[in-house]
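Comments concern the structure below.
The numbers here are math on the coordinates, done by the rules we state, and not lab data. These figures come from a predicted structure and were not determined experimentally. Heads up, the Cβs are rebuilt from the backbone with ideal geometry, glycines too, and the neighbour counts pull from every protein chain shown.
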Amino acid sequence: MKVLQLHCSEFSYKVTKETPVAEHPASPKEGEYENALVCFTCFEKKDVDREPEIIEAYVENIKTDTGRIGCKNVVLYPYAHLSHELGSPRRAKKFLSDLKVRLEAEGLAVHKSPFGWYKAFGLYCKGHPLAEAYREY
């Protein structure tokens, strides 16, 4: 699992075109968020047998990071571009859905962009010392 986290004062996306692995329906087709920790998340082949362990570590890190930066909004953004060893799309979709449920149980406002769609996106990264982080699980 590879994750690029950016603390954004503004983040938006809009669905543009589906891929062969797109979830249907694409919901929501667009989103705009303020003061959000955007998590570009890549599910890899090696993650398949470690999903529960990865979810727990991911949740703990997000709780710590959102606490440090004073942010309660999290955007889970599927992002295959962080690896050449992608896991199955079916498992990746389930992982992201399970992760969303766990993060919401911790009191965070969690948004997930549609899986398997090309999206145009814009962001404004805050630029403080904790605004950018890379994680591997």
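Structural remarks
- In region 1-58, the residues that are aromatic (Phe, Trp, Tyr), in a strand (DSSP E or B) and either surrounded by fewer than 20 Cβ atoms within 10 Å (Cβ to Cβ) or touching a Lys or Arg at 6+ places or on another chain (Cβ under 9 Å) (or both): Tyr13, Tyr33, Phe40
- When Glu51, Glu56 are checked against the criterion of being among the acidic types (Asp, Glu), farther than 19 Å from Leu6 by Cα and touching an Asp or Glu at 6+ places or on another chain (Cβ under 9 Å), a single residue qualifies: Glu51.
- Matching residues, region 77-98, being more than 21 Å from Glu30 (Cβ to Cβ) and part of a strand (DSSP E or B): Leu86
- Among the residues listed as Val101, Val74, the single one being surrounded by 16 or more Cβ atoms within 10 Å (Cβ to Cβ) and either without any contact (Cβ under 8 Å) to a residue 40 or more places away in the chain or assigned to a strand (DSSP E or B) (or both): Val74
- A single entry from Ala109, Ala133 fulfils the requirement of being closer than 19 Å to Glu32 by Cα, touching a residue at least 12 places away in the same chain (Cβ under 8 Å) and surrounded by fewer than 18 Cβ atoms within 10 Å (Cβ to Cβ): Ala109.
- Those residues of region 109-137 which are under 13 Å from the mean Cα position of the chain (by Cα) and more than 24 Å from Glu44 (Cβ to Cβ), in sequence order: Ala109
- Number of positions in region 16-41 that are touching a residue at least 40 places away in the same chain (Cβ under 8 Å), touching a Gly at 6+ places or on another chain (Cβ under 9 Å) and not charged (D, E, K, R): 5
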